[in-house]
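A.B. asks: First the structure, which I've put down as structure tokens, then a few questions once you've had a look.
The values are calculated or read from the model by the stated rules, or taken from the named source; none is laboratory data. Being a predicted model, the structure only gives us computed values, none of them experimental. Quick reminder, even Gly has a Cβ in these numbers, built from the backbone with ideal geometry, and neighbours come from all protein chains shown. The area values use the complete protein model at the heavy-atom level, side chains included, leaving out ligands, DNA and RNA. Shrake-Rupley method; radii C 1.70, N 1.55, O 1.52, S 1.80 Å.
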Amino acid sequence: MKRVTTSAAALAGMALTAAPAAAQGIDETINQVFSDYTGWYVGLIFANLPGTNFSWIALWLVVAAVIFTVYFSAIQLRGFGHSIALVKGDYSDPEDAGEVSHFQALATALSGTVGLGNIAGVAVAVGIGGPGATFWMIIAGLFGMATKFTECTLGVKYRNEYADGHVSGGPMYYITKGFKERGLPGGKVLAVIFCIFTILGALGGGNMFQANQAHAQLAGVVGDYPGWITGVILAVVTFVVIVGGIKSIARVTEKVVPFMGIFYVLVSLVILIMNYDMILWAFGQIFAGAFTGLGVAGGFTGALIQGFRRAAFSNEAGIGSAAIAHSAVKTKEPITEGYVALLEPFIDTVVICTMTALVIVITGVLNVDPDTGLYVWDEAAGRITTADGSSGVQLTSAAFASVFSWFPYMLAIAVVLFAFSTMISWSYYGLKAWTYLFGESRGSEVTFKVIFCLFIVIGAAASLGPVIDFSDAMLFSMAIVNIIALYLLMPIVKAELAHYISRLKSGEIRKFR
Amino acid sequence: MSQELFVVAYEGDDDSGSLLDYAIARATKEGAALHIVHVLEWSPYSFLTPQEVEERHARRKEELARAKSAIIDPAIDKASAAGVTASGEMRYGQVVELIAEIATAKSAAMIFVGRSGSNSMAARVFGSVPLGLAQIAPVPTVIVP
């Protein structure tokens, strides 16, 4: 532990003494190395189906979400009211007070997913796929609710409960135990593969993407400066929290983040109300763009792919991370956590992402050719040109700033906090995968946490392109393994659901208030 | 007529001694029994980190064990030593609501609560336990200074 602390301090010291001019060079080097080593895998994950420009992975996720929706007879629609009742605590036994409630499990899982995906990710999607991407994002979010239902039910059902009372759950547990129960081979191998992807996903989307966008936002507000500086600061704070166990910082973040989320939605609503006359037009753009592309490269499929990609990246349905987050809830009925979890893609994607997209479209920061009504495509950059040339989180910032000039400052704080809370969540998901592979010893835990903190610096220093692609590639890799497992285990969920509904109808499961 | 029951909202801190002494004295005089309740403040709507979520069940067990051995058991012993029949329980939730709920459920004759904390700024703004009980208590309530 002491050695680890010393080397981390040495690293920070080294970084801080480096001259700023040399730092730009470091950024570029990291970028180059990053692209060189990860490019081939990113290409494989996002490869198009032969003869089309539709990536197989987007199809994989959407087909899964549709299959789960059909298999569970649109559980996200018919179970929505019951989900709300569960979160409100209507079915919680008062004797269980003091345990993790459904609300808390949902809030904790949401703080891992609501964040940059909703702010920066949506801007990327709309910037590349046009307003039509929003439509496909909402569709993917609605279907994704069924995927989340399936994975979180399994997460609770097959979790490990230890003698001291702590709980570990997630796909690696339902893959091994569920496969064994059904007499299926290969459970252990799949679980190990899932864990490897989770660790890399935690370092990518759960870490580098967050650090990268946090830096982009800060640089947008205070002026450009080398990314490694943001990286080192974020890494040190994260290190203090996850290694030093300074829970107070994490607790403050956990409390502030939900309010930031609510505030973000409220500000978006105010902007929409101020431009109420344009809301119908914006929806018109979203619908028209969904089927024609309105000038974006790839047209309709361009919009569709971007929408699906960003929805999956934002709400993480099918990725398996939520199953880890939800598994510690206090419930005798695993299916109840499935009900609760299906609200996540709804809140994350259907509500919050749509807000961002509407604000970007309504504020007119995307350039439209007045003659054709089509968006102006920048071939070189591979996206729609924008009023101030920005993309990603800075585009969202510019959109909000066009109405409220103070918003970028607010957004900078929100982005850094969102990034930080997502990092804390993903450090936990990554750690669970790591300890599944290497055991739950103190030494093994600290090793992962130190690696995690080092990747924050890399993420903040690298440019958007390679980081965002690598993040997506890792998250989608988790989804490949997880969804295979979900297909094989979904009959178990179906049996649970039927049993639960019959007892709900018979009055055996009743409301406590 | 069956024995009367007094509910004591017991925090177990330094200031709670006088509350317990007073409740014991009253119970002795009235021939009543005491039900000593310690509430661990808890909201199912608070926010937890993933690590806290994982450890919550274990923490809860520890908190209950600590409250029993450090707060409830000594209080019951003290009452019993004074010849008063006493029982106790620990609950998670909002103090005011739970005390009122328990008093109703147990058909208690009276509630005893300490005044502690009601002078602080926070208590004035958000309401303290005695102030809350003053508003919703289902039975006569004694605030012990």
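A.B. asks: Here is a check on your reading of the model: is A:Lys148 open to solvent by 10 Å² or more (accessible area, probe 1.4 Å) and among the basic types (Lys, Arg)?
C.D. replies: Taking the combined requirement at face value, the residue does not satisfy it.
A.B. asks: What tally of residues in region B:26-37 results from selecting those that are over 14 Å from the mean Cα position of the chain (by Cα) and touching a residue at least 24 places away in the same chain (Cβ under 8 Å)?
C.D. replies: 7
A.B. asks: From (1) more than 29 Å from A:Met172 (Cβ to Cβ); (2) surrounded by 19 or more Cβ atoms within 10 Å (Cβ to Cβ), pick out the condition that doesn't hold for A:Pro370.
C.D. replies: Result: A:Pro370 passes all but (2).
A.B. asks: Restricting to region A:460-491, and then to whatever is β-branched (Val, Ile, Thr) and open to solvent by 20 Å² or more (accessible area, probe 1.4 Å), can you tell me which residue is farthest from the chain's Cα centre (by Cα)?
C.D. replies: The selected residue is A:Ile484.
A.B. asks: Filtering region A:326-336 down to residues that are open to solvent by less than 10 Å² (accessible area, probe 1.4 Å) and within 12 Å of another protein chain (Cβ to nearest Cβ), which residue is nearest to the chain's Cα centre (by Cα)?
C.D. replies: A:His326
A.B. asks: Right, B:Ile111: at pLDDT 90 or above and either in a helix (DSSP H, G or I) or within 14 Å of chain A (Cβ to nearest Cβ) (or both) or not?
C.D. replies: It is false that B:Ile111 is at pLDDT 90 or above and either in a helix (DSSP H, G or I) or within 14 Å of chain A (Cβ to nearest Cβ) (or both).
A.B. asks: Could we say that B:Leu98 is out of contact with any Ser or Thr (no Cβ under 7 Å at 6 or more places or on another chain) and either within 30 Å of A:Ser92 (Cβ to Cβ) or surrounded by 14 or more Cβ atoms within 10 Å (Cβ to Cβ) (or both) here?
C.D. replies: yes
A.B. asks: Turning to a different aspect of this structure: Say whether the condition of being of a type in the set (Asp, Glu) and touching a residue at least 24 places away in the same chain (Cβ under 8 Å) is met by at least one residue in region A:253-267.
C.D. replies: Yes: region A:253-267 contains one or more residues that are of a type in the set (Asp, Glu) and touching a residue at least 24 places away in the same chain (Cβ under 8 Å).
A.B. asks: Sticking with this structure for a sec: Give me the residue from region B:25-47 that is assigned to a helix (DSSP H, G or I) and of a type in the set (A, V, I, L, M) and, out of that set, farthest from the other protein chains (Cβ to nearest Cβ).
C.D. replies: Out of the qualifying residues, it is B:Ala25.
A.B. asks: Which of (1) farther than 17 Å from A:Gly141 by Cβ; (2) open to solvent by 10 Å² or more (accessible area, probe 1.4 Å) does A:Thr69 not meet, given it meets every other one?
C.D. replies: That leaves (1) as the condition not met.
A.B. asks: Return the residues of region B:68-95 that are open to solvent by less than 70 Å² (accessible area, probe 1.4 Å), within 11 Å of another protein chain (Cβ to nearest Cβ) and either modelled with pLDDT under 90 or in a loop (DSSP other than H, G, I, E, B) (or both); say none if nothing qualifies.
C.D. replies: B:Gly93
A.B. asks: Any residue in region B:6-17 that is outside any loop (DSSP other than H, G, I, E, B), open to solvent by 40 Å² or more (accessible area, probe 1.4 Å) and either in contact (Cβ under 8 Å) with a residue 12 or more places away in the chain or at negative phi (or both)?
C.D. replies: no
A.B. asks: I would also like to ask the following. Looking at (1) within 14 Å of chain B (Cβ to nearest Cβ); (2) open to solvent by 10 Å² or more (accessible area, probe 1.4 Å); (3) under 30 Å from A:Gly439 (Cα atoms), find the lone condition where A:Gly169 falls short.
C.D. replies: The failed condition is (2).
A.B. asks: Applying the selection to region B:27-65, what residues are open to solvent by 60 Å² or more (accessible area, probe 1.4 Å) and within 27 Å of A:Ile242 (Cα to Cα)?
C.D. replies: Result: B:Glu41, B:Tyr45, B:Gln51, B:Arg59, B:Lys61, B:Glu62.
A.B. asks: Tell me the helices (runs of 4 or more DSSP H) entirely within region A:38-141 that contain at least 1 residues that are under 30 Å from A:Pro408 (Cβ atoms) and either under 18 Å from the mean Cα position of the chain (by Cα) or within 14 Å of another protein chain (Cβ to nearest Cβ) (or both).
C.D. replies: Once the helices (runs of 4 or more DSSP H) in region A:38-141 are filtered for at least 1 residues that are under 30 Å from A:Pro408 (Cβ atoms) and either under 18 Å from the mean Cα position of the chain (by Cα) or within 14 Å of another protein chain (Cβ to nearest Cβ) (or both), what remains is A:102-113, A:122-129.
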